[in-house]
Amino acid sequence: MKENLQFLHAFLKNPTKVGAIAPSSPELANTMISGLKPDKENIILELGVGTGAITKFIEPILPDGESYLGLELDEKLHATLRLTYPHLNIIQGNACEAYKIHKDSGLGKVKYLVCCLPFVSLPKVVTEEIYKQIDMFMEDGCTLRLFQYAHGYYLPPALKLRERMRNRYGKSKRSQLVLKNVPPAYTLTWSTI
Ligand SMILES: C[S@@+](CC[C@H](N)C(=O)[O-])C[C@H]1O[C@@H](n2cnc3c(N)ncnc32)[C@H](O)[C@@H]1O
């Protein structure tokens, strides 16, 4: 409940950056982590940690804290995350610099890129920069998983994202529609491993 309020507050302060009115549901979180097997040499990088709605489900599949790196832009959300997950590497940072932040962290290779960023509402220039960062991880061999809300699925930014990824990484694997989420969403997966 507290998390929902904090999330809503962050949304009202900055709707385009947060991009959702509620954190992801347990059902969406479980779909986002389905099949991921991180370890120290093959870590999960989560972009846009928010209140940790997905992190909560990532945590139990981590063999140790070194198998995960999280990035969250919002200072207040990040401060709360540090208290909730003191044993996890969660950095207050911009996904536009994700590749360098990961390199500087000294952690293992990013095998799983769990991307929770609101591409539909982010400024185009920010989106383009984050795509470049994603490309660098994908060049190193990586699985990219993200979600798209059903109501925005056919909006130009969502279509463009899928077209861009398809042109580079082939057809995505799409999950069934996760109805128990506000709003309902699909997860999409591309892999270069
Ligand atoms: C849709 S919310 C998802 C939060 C959470 N992962 C979930 O699924 O409930 C998007 C999050 O991305 C963060 N964000 C937006 N732009 C970012 C950026 N450039 N770098 C890092 N985080 C960003 C927002 O502050 C917000 O917490």
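Looking across the range 54-91 at every residue that is out of contact with any strand residue (DSSP E or B) (no Cβ under 6 Å at 6 or more places or on another chain) and over 21 Å from N4 (Cβ atoms), the one that is least open to solvent (accessible area, probe 1.4 Å) is identified as G65.
Comparison of Y112, Y131 shows that the only residue that is under 14 Å from the mean Cα position of the chain (by Cα), touching a residue at least 12 places away in the same chain (Cβ under 8 Å) and assigned to a helix (DSSP H, G or I) is Y131. Within the range 136-159, the residues that satisfy the criterion of being part of a helix (DSSP H, G or I) and in contact with a helix residue (DSSP H, G or I) (Cβ under 9 Å, 6 or more places away or on another chain) are M136, F137, M138, G152, P157, A158. Considering only residues in the range 100-134 that are of a type in the set (S, T, Y) and touching a strand residue (DSSP E or B) at 6+ places or on another chain (Cβ under 9 Å), the one that is nearest to I21 (Cα to Cα) turns out to be Y112.
Take the conditions (1) in contact with a helix residue (DSSP H, G or I) (Cβ under 9 Å, 6 or more places away or on another chain); (2) in contact (Cβ under 8 Å) with a residue 24 or more places away in the chain; E66 misses just one of them, which is (1).
Filtered by the rule that a residue be part of a loop (DSSP other than H, G, I, E, B), free of Cβ contacts under 8 Å to residues at least 40 places away in the same chain and within 11 Å of the ligand (Cβ to nearest atom), the range 15-59 gives a lone residue, P23.
Of the candidates L69, L77, the single residue that is hydrophobic (A, V, I, L, M, F, W, C) and within 11 Å of the ligand (Cβ to nearest atom) is L77.
Report yes if some residue within the range 92-101 is within 14 Å of the ligand (Cβ to nearest atom), touching a Gly at 6+ places or on another chain (Cβ under 8 Å) and closer than 28 Å to P184 by Cβ; otherwise report no. Taking every residue of the range 92-101 in turn, at least one turns out to be within 14 Å of the ligand (Cβ to nearest atom), touching a Gly at 6+ places or on another chain (Cβ under 8 Å) and closer than 28 Å to P184 by Cβ. Here the condition is being within 22 Å of E72 (Cβ to Cβ) and modelled with pLDDT under 95; of V114, V110, V182, it holds for V182 alone.
The values are calculated or read from the model by the stated rules, or taken from the named source; none is laboratory data. Given the structure is predicted, the values throughout are model-derived calculations rather than measurements. With ideal geometry, Cβ positions are generated from the backbone for all residues, glycine too; neighbour counts draw on all protein chains shown. To get the accessible areas, we keep the full protein, side chains included, count just its heavy atoms, and leave off ligands, DNA and RNA. Shrake-Rupley method; radii C 1.70, N 1.55, O 1.52, S 1.80 Å.
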